[in-house]
Every structure is written in C-alpha cells, then in structure tokens.
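Read the structure below first, then the notes.
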Amino acid sequence: MSRIVLASQVDEFEVRIRAAYDNQLDGHLRRWGNDPEGFDADQVTAELTHDGPDVVALGPDVETETALRLARTLDRDRPEVTVMLVTKPTGKLWERAMKAGVSVILSPEAEADEIREELDRALDGAERRRDRLTTEADPASRAHRVIVVTAPKGGAGKSVVATNLAVGLAQAAPEQVVLVDLDLQFGDVAGALQMVPEHTIVDAVRSPGLDLTTVKVFLTSHPTGCYALCAPETPADADEVTPELAASIIDLLSQEFRYVVVDTSSGIGDHALAAFEVATDFVLVGAMDVAAVRALRKQVDVLDQLGLVRPPRHFVLNRSDSRVGLNAPDVEATVGLRIDVSVPSSRAIPVSFNQGAPVVQSDPRAPVARELMKLVERFAHVPATDPGRRRPRRR
Ligand SMILES: Nc1ncnc2c1ncn2[C@@H]1O[C@H](COP(=O)(O)OP(=O)(O)O)[C@@H](O)[C@H]1O
Ligand SMILES: [Mg+2]
C-alpha cells in the first residue's frame with residue numbers, strides 16, 4: 001500500500017520527497033507518471049487511488065486547471081484522501097483550491113523540512129478524515145450502488161441504457177441486480193425484457209408495512225439473472241406511487257442488491273428527484289442535437305443547485321454518430337461533462353428491444369453492445385492492469 005501517491009511526469013520532486021524522509025519511504029511513495037492532461041478525470045482518479053493512499057500530491061508539472069479538476073473528482077469519489085497541490089500558493093488560488101477540496105498547497109521550492117512537515121500534516125489529516133467517514137457512513141452500504149439513469153427529454157435512450165446496463169451487470173453479478181422502472185406512467189422495461197410481470201411497483205406500495213421482504217415478493221426475474229420491479233400496468237395506477245414511497249423502495253432494495261438501476265421518465269419530476277436523493281451514481285443520457293444538449297446542461301445545473309455533487313456522473317452520448325453539425329467536443333463543452341461512453345445508432349437496438357433481449361445479451365459482439373459494455377465496466381469491477389504503465393483511455 002502506498003501512503004503517498006505523487007502525480008508527476010518528472011522524477012525530480014519524487015527525489016526531493018524521498019530525500020526529505022532520508023530515503024526511508026520505500027514503498028510508501030508511488031509516482032504516477034502519466035500525463036493527466038486531456039484524460040478522463042474519473043479514470044485518472046481511479047489510477048491514483050487504486051491502492052488506497054492517504055495522500056495524493058499533484059506535482060509541480062500538473063497544470064493548475066487540470067490539478068483543480070482532478071482535486072474535485074478526488075474529493076467527490078475518494079473523500080478520505082487528502083489532496084495536496086504542489087504549486088506556488090497565491091491567495092486567489094487558495095480560495096479556488098479549497099473549494100475544489102485541496103487541503104494542502106506546497107511550494108515547489110519548499111525545503112526538505114517544509115516538505116516533510118506538510119506531508120506529515122496531510123497524512124494526519126487523512127487519518128482524521130477516514131475516522132470521520134467511517135463513523136458517518138456504513139462502509140458496507142457504500143459497496144452497493146443506486147444508479148439512476150436520467151435525461152431531460154423522451155426518446156434519448158434512457159430505457160435502452162438502463163436495460164442494457166442492468167443485464168450487463170447481471171452477467172458480472174448474477175442475482176445481485178435489480179432494475180426499477182420509475183417511468184411510472186409509460187415505462188416499458190417489462191416489454192423491453194419480454195417479461196410478463198405478475199406484480200408491479202403498485203403491489204409493493206399497496207402492501208401494508210413496506211419492508212425488504214415484501215418488496216422482493218413483487219420483483220420479476222429475468223433469465224439473465226437480473227430482477228425488475230416493473231411499472232404499473234395503467235398510468236392511473238401510477239398515482240399511488242408517491243415519490244417518498246418510490247425512494248423508500250429503492251432504498252430497501254439497495255440494502256440487499258449490489259446494483260439498483262433506476263430507469264426514469266424524462267426530465268426532473270418529483271419521482272426523479274426522489275430517486276436522485278438516494279442515487280450513488282447518475283447516468284446522464286444525451287443525444288447529438290442542440291436542443292437535447294442544452295437541456296442536458298440545464299439538468300446538470302439543477303443537480304449542482306440541489307447540491308447533488310457527490311454522486312459521480314457518467315455521461316453517455318447516444319446516437320453519437322448522427323451527422324448534425326455537432327461534434328463531441330462541442331457537446332462536452334456545452335454540457336460541461338466529458339463523454340464517458342459513445343453509443344452509435346444501430347438497428348440492433350430497436351431490433352433487440354422488440355425481441356425483448358437487450359443487445360448486450362442478444363448480440364454482444366455488435367459494436368453498439370461493446371460500447372454499452374463500457375458503461376457496465378464502469379460499475380462492475382474489472383481486474384486492473386498495472387496502473388503505473390497503463391495509459392488512461394484517450395477520449
Ligand atoms: N443508439 C440507438 N440506435 C438506434 N435506436 C435507438 C438507439 N437508442 C435508442 N434507440 C431507439 O429510440 C427509441 C427511444 O429509446 P428509449 O430508450 O425508449 O428512450 P427513453 O427511455 O429515453 O424515452 C427506442 O425505440 C429505441 O429502440
Ligand atoms: Mg424510457
């Protein structure tokens with residue numbers, strides 16, 4: 001286990017840290033020597049923290065804006081880690097750095113004594129953070145994910161993404177995935193998975209004394225090892241499912257299932273908001289058209305305004321090959337998120353949808369299925385290769 005990870009492409013600062021500790025650090029210091037510029041912050045964060053360090057130091061050669069972006073992602077995904085910036089401290093930078101979750105700024109010119117003092121302080125800080133976090137949150141529950149799939153507009157591909165994600169995750173974790181159809185009026189997860197549900201979410205809310213055992217009775221099982229809590233049969237029945245009850249159901253399911261995938265109706269209605277409150281992750285589905293991209297930006301702003309900044313946001317650009325005069329950098333700039341997965345248009349999608357077998361199951365070799373599996377891999381733990389050597393995937 002490395003206690004300190006230094007992100008730097010040059011070894012000069014590593015040598016100085018080691019010297020500050022009389023070259024006694026040995027394996028406690030690891031250098032991550034890739035160029036973070038232009039790479040996905042989530043991926044870099046994962047590589048920096050895969051061995052559970054206490055301190056991540058962003059070296060003097062990491063450009064300030066990149067460093068702040070990484071600090072924000074580290075703060076969001078790995079709050080127990082103390083982030084240190086190695087750069088010339090100025091008042092203005094301090095303010096921005098603090099907001100990004102940086103705890104320590106160290107000048108690149110610091111002498112050995114100061115380097116050691118500041119690193120010791122950062123290590124102490126990490127210990128306190130860890131203590132606080134373990135008392136605040138039950139660590140066991142953090143292993144369980146509530147993944148809410150959302151988009152501002154209908155037809156974006158939420159249900160395609162949600163069903164493929166659930167079925168793909170069930171391949172890695174059979175019997176540990178449940179898909180909740182929270183598009184209460186028109187949801188058709190049941191149709192997309194060719195299931196004839198005996199029960200729906202309405203049966204769950206009608207039963208007295210809502211608890212986990214009761215909710216489980218109303219799940220429908222899919223041959224791929226995934227479960228679904230289907231939407232009501234008629235839009236009128238949907239009224240019985242209040243946002244509070246929907247959130248309680250998701251919460252109960254997440255106690256048992258490792259993955260709860262929630263498909264939602266378009267936009268930010270009360271039910272979607274209730275699901276957002278219990279989400280550990282957001283999957284935002286965007287389309288290649290100006291109106292959809294602008295709407296998605298507004299949705300991202302709403303998440304910020306609601307203070308829902310901790311759950312990681314996974315951005316899926318659907319129909320990414322549409323030729324409409326927009327390109328990926330335009331979309332990223334407008335939405336303010338990096339594209340994590342690009343799903344092209346493919347006839348395989350509606351065909352599989354109509355046949356009731358999501359494309360990751362029915363045609364896993366299809367290019368579109370491979371793209372959707374990239375989303376699955378963001379949640380299913382894939383064996384890591386040596387992070388020191390592997391370069392992050394270029395976007
Ligand atoms: N990448 C794609 N290629 C081709 N058709 C797609 C693609 N994504 C979605 N579709 C089709 O578009 C329609 C709307 O998708 P759906 O997932 O139901 O959207 P939403 O749930 O966001 O309203 C469906 O008929 C689906 O088959
Ligand atoms: Mg849908």
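The values are calculated or read from the model by the stated rules, or taken from the named source; none is laboratory data. Note that the coordinates shown come from a computational prediction; the quantities given were computed from them, not determined experimentally. Every residue, glycine as well, gets a Cβ built from its backbone with ideal geometry; the counts of neighbours run over all protein chains shown. Side chains are part of the model used for accessible areas, which takes the heavy atoms of the whole protein and leaves out ligands, DNA and RNA. Shrake-Rupley method; radii C 1.70, N 1.55, O 1.52, S 1.80 Å.
Under 27 Å between alpha carbons: how many lysine pairs meet that in the chain, if sequence neighbours fewer than 8 apart on the same chain are excluded? All intermediate terms of the calculation are to be shown ahead of the outcome.
Working: Lys88/Lys99; Lys99/Lys298; Lys153/Lys298; Lys153/Lys374; Lys158/Lys216; Lys158/Lys298; Lys158/Lys374; Lys298/Lys374.
Close lysine pairs under the 27 Å cut-off: 8.
Relative to the longest principal Cα axis of the chain, at what angle does helix 290-305 sit, 0 to 90 degrees, rounded to 10?
Taking Cα atoms only, the helix is inclined about 70 degrees.
Can you give me the solvent accessible area of His199 with a 1.4 Å probe, rounded to the nearest 10 Å²?
Here the residue's solvent-accessible area equals roughly 50 Å².
By how many degrees, between 0 and 90 and to the nearest 10, does the Cα long axis of helix 158-172 differ from the longest principal axis of the chain?
70
About its Cα centre, what dipole magnitude does the range 4-136 give when the only charges are +1 on Lys and Arg Cβ and -1 on Asp and Glu Cβ, stated in debye to the nearest 20?
Numbers: 18 positive and 30 negative charges, 99 e Å.
Result for the range 4-136 is approximately 480 debye, rounded to the nearest 20.
Just to be sure I understand the model, the point goes 7 Å from the Cα along the line to the Cβ. What's the resulting Thr90 to His199 distance in nm?
A separation of 6.3 nm, rounded to one decimal place.
I want to check the label-to-label distance for Arg365 and Asn23. Put each point 7 Å from Cα in the C-beta direction and report it in nm to one decimal.
Reported label-point gap for Arg365 and Asn23 is 5.6 nm.
Could you calculate the FRET efficiency of Thr213 with Arg347 from 1/(1 + (r/R0)^6), where r is the beta carbon distance between them and R0 is 51 Å, rounded to 0.05?
On the way: r = 43 Å, r/R0 = 0.84.
The pair Thr213/Arg347 has a calculated efficiency of 0.75.
Quick check: net charge around Leu123, other residues with Cβ under 13 Å of its Cβ, Lys/Arg +1 and Asp/Glu -1?
Values: positive: Arg3, Arg116, Arg121, Arg128, Arg129, Arg130; negative: Asp54, Glu80, Glu117, Glu118, Asp120, Asp124, Glu127.
Computed value for this residue: -1.
Say the dipole of the chain comes from +1 at the beta carbon of Lys and Arg and -1 at that of Asp and Glu; which of Thr213, Ala272, Ser8 then lies farthest toward its positive end?
Ser8
Once amide H atoms are placed 1.01 Å from N in the peptide plane, what residues at a sequence separation of 5 or more from Trp32, or on another chain, have their amide H within under 5 Å of its amide H?
Leu6, Ala7, Ser8
I need the phi-derived Karplus couplings for the range 87-95: 6.51 cos²θ - 1.76 cosθ + 1.60, θ = phi - 60°, integer Hz, Gly and Pro marked x.
Per-residue couplings from phi come out as 6, 5, x, 10, x, 5, 5, 3, 4 Hz.
If amide hydrogens are placed 1.01 Å from N in the peptide plane, which non-local residues have theirs closer than 5 Å to the one on Val180?
The answer is Leu229, Val261, Val262, Asp263.
Near Leu6, within a Cβ-to-Cβ distance under 15 Å, what is the net charge of the other residues, with Lys and Arg +1 and Asp and Glu -1? Don't jump to the answer; show the numbers that get you there.
Working: positive: Arg3, Arg16, Arg18, Arg30, Arg31, Arg116; negative: Asp11, Glu12, Glu14, Asp26, Asp35, Glu47, Asp51, Asp54, Asp61, Glu118.
Here the charged neighbours net out to -4.
Based on the alpha-carbon gyration tensor of the range 193-255 and its eigenvalue square roots a ≥ b ≥ c, which shape applies: rounded if a/c is under 1.5, prolate if not and a/b is larger than b/c, or oblate? Present the calculation step by step, with values, prior to reporting the outcome.
On the way: a/c = 1.89, a/b = 1.19, b/c = 1.59.
Verdict is oblate for the range 193-255.
Karplus couplings for the range 339-347 from phi (6.51 cos²θ - 1.76 cosθ + 1.60, θ = phi - 60°), rounded to Hz, Gly and Pro as x?
Ordered by residue, 3J(HN,Hα) equals 6, 8, 9, 10, 9, x, 6, 7, 5 Hz.
In the chain, what percent of the accessible surface is made up of carbon and sulfur (1.4 Å probe, ligands and nucleic acids excluded)? If you can, show how the numbers build up before the last one.
Working: 8940 of 18140 Å².
C and S fraction of accessible area: 49 percent.
If you stretched the chain out fully between Asp251 and Ala173, how much longer would it get, using 0.36 nm times the residue separation minus the C-alpha to C-alpha distance?
Values: separation 78, 0.36 × 78 = 28.08 nm, distance 1.92 nm.
My answer for the length gained is 26.2 nm.
Could you give each residue of the range 144-153 its phi-based ³J(HN,Hα) in whole Hz, using Karplus coefficients 6.51, -1.76, 1.60 with θ = phi - 60°, and x for Gly or Pro?
Karplus-based 3J(HN,Hα) across the range 144-153 equals 8, 10, 10, 9, 9, 9, 9, 7, x, 10 Hz.
Work out, step by step, the length gained on full extension between Lys99 and Glu12: first 0.36 nm times the residue separation, then minus their alpha carbon distance; give nm to one decimal. Let's see the in-between values first.
Working: separation 87, 0.36 × 87 = 31.32 nm, distance 2.85 nm.
Fully extending the segment from Lys99 to Glu12 adds 28.5 nm.
Pull up all non-local amide H partners of Gly267: gap of 5 or more, or a different chain, and H-to-H distance under 5 Å with H placed in the peptide plane.
Sorted by chain and number, the residues that satisfy this are Ala151, Lys153.
Please compute the net charge surrounding Asp263, taking Lys and Arg as +1 and Asp and Glu as -1 over other residues with Cβ under 12 Å from its Cβ. Walk me through the numbers before you get to the answer.
On the way: positive: Lys158; negative: Asp181, Asp183, Asp188.
Taking every Cβ under 12 Å from that of Asp263, the sum is -2.
Can you give me the orientation-averaged projected area of the convex hull built on the Cα atoms of the chain, in nm²?
20.0
Against the longest alpha carbon principal axis of the chain, how many degrees, from 0 to 90 and to the nearest 10, is the axis of helix 367-379 turned?
Value to nearest ten degrees: 60.
Label points 7 Å out from Cα along the Cβ direction at Asp35 and Ser107: separation in nm?
Each label point is offset 7 Å from its Cα along the Cβ direction, giving 2.9 nm.
Once the principal axes of the Cα atoms of the range 4-136 are found, what is the range along each, listed largest first in whole angstroms?
36, 34, 30 Å, listed from the longest principal axis down.
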